[in-house]
Amino acid sequence: MADYEVPELKEYPVVPLPVEGTMEHLSPFVAKPEFQEALNYVGKKIEKEGEMPEYVLVDGWHDKAIEKMGDLLGRYRGFQVFMDSCVKCGACTDKCHYFIGTKDPKNMPVARQDLLRSVYRRYFTFAGKFFPKLVGARDLTEDVVQEWYSYFHQCSECRRCSVFCPYGIDTAEVTMAAREIMAHIGKGQKYNNEIIGKVFTIGNNLGLPEKALANVLEGLEEDVEYDIEVPVKFPLDKKGADILLVTPSADFFAEPHIDGLIGYAKVFHATNTSWTLSSRASEAANFGLFIGSYENMQRISMRIRTAALELGVKRIVYGECGHAWRVGYSFLNTLAGPFDFLDQNYPVPQHICEFTLDKLQKGELNIDKSRNDDKTVTFHDSCNVARASGMGNYPGGQFDIPRAVINAVCNNYVDMEPGTTHDATFCCGGGGGLLTDDLMELRVKGILPRASALNNAVNENGVTHMAAICAICKSQFTKVLPYYGFTMDQIVSVHQLVSEAIILEGQVDPED
Amino acid sequence: MSTLYAILLLAATLFMLGGLARKARQYRATPAPLKIPVTPAPKTTGGVVLRLAKEVIFFASLFRSNKWTWIFGWMFHVSLALAFVRHLRYVIDPDGMLGFIWPLINNPIVQSFGKYAGIFLVLGLAGLLARRILVARVRYISAPSDYLMLILIMVIGISGLMMSFVPSAFIDIVQLKSFMLGMLSFDFQELPTSVVLLIHLTLVAVLGFVLPISKLLHIPGVFYAPTRNQVDNPREKRHIADWAKKLDETRDSYPELRD
């Protein structure tokens, strides 16, 4: 199957000894110039007879890169401070799932930052200009750019290292800066940048046009009605609806995402909530985050504002998506606000888990928990929800609220071991714009810490299913956990569990 | 010679304070365009002050991260603070403007804590150095300057300890104090004759010069990290940088928003 070894699951966490260069061969495909230009970046193609064309650095790339770095240093305080304040204490060195899974020391957070910091020091600091060897500074060469391209696409921007850093240095910010610099000299990543292009031209990451989306939703209505004989609606572009639901486009067809979408619809149906999806904002995901581009992130966010205005909704609710929730919770107000035209009695935006828990607590949902008794469920805290956003009105709500939803619809729930949950959660291994087949080796190795924790929960607590509230986590898990002996259907959406347990008025269950 | 040292120490102090202030000003002037606190994060300014205090005083994140690094690092920094306070007796004139602090500094508790702290300072640094050499991951990320800085501060500590604990290295501290007070009023006095003292002072001056141009910038950096010092209220409050305001003016004009 693959020309690399799938790591072995161990009962106890093992911090590997560094083995240099294990992952230097891996880097994702480069974006074509036309996709680069659509995002206001640049690219250069060299045609080769009888071969695939090559996408190379643009002319004058060296000075352009340094100039871009200077620009970012002046516009992002985090980036500037993080370049200066690392003392190389080593606290982060054993925290990255990609280091644990690959053993490559350049996947240690500080070493990853140093790929960029060494160049920062050379061009922007006194010590690096005059004593480069002493302080580990180096010139920017084509090899350095290649190294950046490889290892800054081996970081999922999950921020686990930042939790443990005594100075709060956030490798995600450094990775984003590096990707932004590379995009400006012709080294954009194909997966991310082509997807953003699709959002601009078609409206969602999957390139699902309005008509196809309408068909999918119609089909869903038929399926659900066939199943339970209740006409649960999936409205699209319904003007005057109360709620605009923005959800990752994976929810429209991928498993187990779609079962989550059915869950949201059932909750809305049961509570007589008027809601709609939007063909303009048919995507919650915002890959502008992954490439560290404020401009592209804002441009993608503007679709949601425009849709909310056009449809005349009162509220915006986000479906289950990790990084989308980061952009929604932490940035949407800044990028596309102010949302003074929406109902101020509700947070803007609101997470579907916040919405559902509120309805559960008010007793507006008819729940039969025993319908999930065939499962023992655990919950994977998605990194962007856990460490980069919040829920509810107190710090840590993002941990309690999804668990409270699960516990309200399931009798059997256990957490995975401490150190692998809450703000210390391990990334699924596919976040940050790495959910692409050309990085499969990294995804298989990077899932190791999560797979180990899940395996222990299976062996010790009889866990059968792992729930998640992130489209990327769900896709990564269903694709990669089978390498470790798990099955795809062990991964569930949180609202899939809600969907199973909820009983709608007039519902007729199919005979087993 | 004594005058040279006075000038060197003054220059180092000015360079250090000026350099740190310049950096702090640069950090303040650089906008943080997005809310990026590592969550769960406090929802109030008071909460942020508490969060930073826990980081600065107890190294809370490091404690969670790695107990060995925390023990050695915290021991070193607390000892450094205690030793620093002990040293204030050389620059505070009991009859001068800051004389009211004098009883706080010149008492047996502060002085003996400061004196014995020197031992733990060196031990802490030795632990950090050992970790840097012995742990393969930390060795991999260490540049020559990382070792040199530990050694620099260690030698400062050892030379200081010698003047407190080794009778043959004892110095005339009354004379040293008049040198220090004289230096501060540009009335240069003689330094006590001592090789150990000269080493101590030379390296302190080197440290002053190195600090603002090195990773020792973690001192202002820890206060300016947006991941730690931001209030987590993005849904309640719009947070917009000056440079981003310009983008707000054109954000409605993207072609896909008009169809």
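The values are calculated or read from the model by the stated rules, or taken from the named source; none is laboratory data. If you're wondering where the values come from, they're calculated on a predicted model, not measured in any experiment. Using ideal geometry, Cβ is built from the backbone for each residue, glycine included, and neighbour counts are taken over all protein chains shown.
Could you look through segment B:233-259, keep only residues that are part of a helix (DSSP H, G or I) and in contact (Cβ under 8 Å) with a residue 12 or more places away in the chain, and pick out the one that is farthest from the other protein chains (Cβ to nearest Cβ)? Step by step, filter segment B:233-259, then rank; the result is B:Asp242. Among the residues making up segment A:106-124, those that are surrounded by fewer than 24 Cβ atoms within 10 Å (Cβ to Cβ) and at the interface with chain B (Cβ under 7 Å from one of its Cβ atoms) are A:Ala111, A:Asp114. One residue is enough: does segment B:194-216 have a residue meeting the conditions in contact with a Gly (Cβ under 6 Å, 6 or more places away or on another chain), buried (at least 17 other Cβ atoms within 10 Å of the Cβ) and either aliphatic (A, V, I, L, M) or in contact (Cβ under 8 Å) with a residue 60 or more places away in the chain (or both)? Yes, because at least one residue in segment B:194-216 is in contact with a Gly (Cβ under 6 Å, 6 or more places away or on another chain), buried (at least 17 other Cβ atoms within 10 Å of the Cβ) and either aliphatic (A, V, I, L, M) or in contact (Cβ under 8 Å) with a residue 60 or more places away in the chain (or both). Of the helices (runs of 4 or more DSSP H) lying entirely inside segment A:283-389, those containing at least 1 residues that are more than 10 Å from chain B (Cβ to nearest Cβ) and either buried (at least 24 other Cβ atoms within 10 Å of the Cβ) or in contact with a Gly (Cβ under 8 Å, 6 or more places away or on another chain) (or both) span A:294-311, A:322-326, A:352-361, A:383-388. Residues that are within 13 Å of chain B (Cβ to nearest Cβ) and closer than 14 Å to A:Ala111 by Cα within segment A:16-30 comprise A:Pro18, A:Val19, A:Glu20, A:Gly21, listed in sequence order.
Considering segment A:428-490, the qualifying helices (runs of 4 or more DSSP H), each wholly inside and each with 3 or more residues that are of a type in the set (D, E, K, R) and within 23 Å of A:Pro16 (Cβ to Cβ), run over A:440-446. Taking segment A:65-94 as the range and being under 17 Å from A:Ala178 (Cα atoms) and among the polar types (S, T, N, Q) as the test, only A:Gln80 passes.
For segment A:69-123, the set of residues classified as under 23 Å from the mean Cα position of the chain (by Cα) and aromatic (Phe, Trp, Tyr) consists of A:Tyr76, A:Phe79, A:Phe82, A:Tyr98, A:Phe99, listed by residue number.
A single member of A:Asp259, A:Asp223, A:Asp237, A:Asp227 is in the same structural domain as A:Thr478 (by TED's automatic domain parsing), surrounded by fewer than 23 Cβ atoms within 10 Å (Cβ to Cβ) and on the phi > 0 side of the Ramachandran plot, and it is A:Asp237.
Looking across segment A:39-61, the residues that are closer than 18 Å to A:Leu140 by Cβ and free of Cβ contacts under 8 Å to residues at least 40 places away in the same chain come down to A:Asp59, A:Gly60. Only one entry of B:Ser159, B:Ser168 meets the criterion of being over 23 Å from B:Val78 (Cβ atoms), in a helix (DSSP H, G or I), over 18 Å from the mean Cα position of the chain (by Cα) and away from every other protein chain (no Cβ under 14 Å), and that entry is B:Ser168. When segment B:172-213 is filtered for residues that are outside any helix (DSSP H, G or I) and out of contact with any helix residue (DSSP H, G or I) (no Cβ under 6 Å at 6 or more places or on another chain), the ones remaining, listed by number, are B:Asp172, B:Ser185, B:Phe186, B:Asp187, B:Thr193, B:Ser194.
Only one residue in A:Gly78, A:Gly70, A:Gly74 is part of a helix (DSSP H, G or I), buried (at least 24 other Cβ atoms within 10 Å of the Cβ) and assigned by TED's automatic domain parsing to the domain that holds A:Ser118. Which one? Can you show your working first?
Details: A:Gly70 fails: buried (at least 24 other Cβ atoms within 10 Å of the Cβ); A:Gly74 fails: buried (at least 24 other Cβ atoms within 10 Å of the Cβ).
Only one candidate passes the filter, namely A:Gly78.
In the set (1) surrounded by fewer than 21 Cβ atoms within 10 Å (Cβ to Cβ); (2) part of a helix (DSSP H, G or I); (3) touching a Leu at 6+ places or on another chain (Cβ under 6 Å), A:Asp251 fails one condition alone, (1).
Looking across segment A:18-56, the residues that are of a type in the set (A, V, I, L, M) and surrounded by 11 or more Cβ atoms within 10 Å (Cβ to Cβ) come down to A:Val19, A:Met23, A:Leu26, A:Val30, A:Ala31, A:Ala38, A:Leu39, A:Val42, A:Val56.
Counting only helices (runs of 4 or more DSSP H) wholly contained in segment B:67-145, the ones carrying 3 or more residues that are within 14 Å of chain A (Cβ to nearest Cβ) and under 23 Å from B:Pro212 (Cα atoms) occupy B:67-87, B:108-134. For segment B:62-111, filtered to residues that are within 21 Å of B:Lys177 (Cβ to Cβ) and in contact with a Pro (Cβ under 8 Å, 6 or more places away or on another chain), the residue that is surrounded by the fewest Cβ atoms within 10 Å (Cβ to Cβ) is B:Asn106. Can you give me the number of residues within segment B:51-66 that are within 9 Å of chain A (Cβ to nearest Cβ) and touching a residue at least 40 places away in the same chain (Cβ under 8 Å)? Count: 1.
Within segment B:130-151, the only residue that satisfies the criterion of being polar (S, T, N, Q) and touching a Leu at 6+ places or on another chain (Cβ under 8 Å) is B:Ser145. Listed by position, the helices (runs of 4 or more DSSP H) enclosed by segment A:124-229 that each have at least 2 residues that are over 23 Å from A:Pro256 (Cα atoms) are A:126-130, A:132-135, A:142-151, A:160-164, A:171-183, A:190-201.
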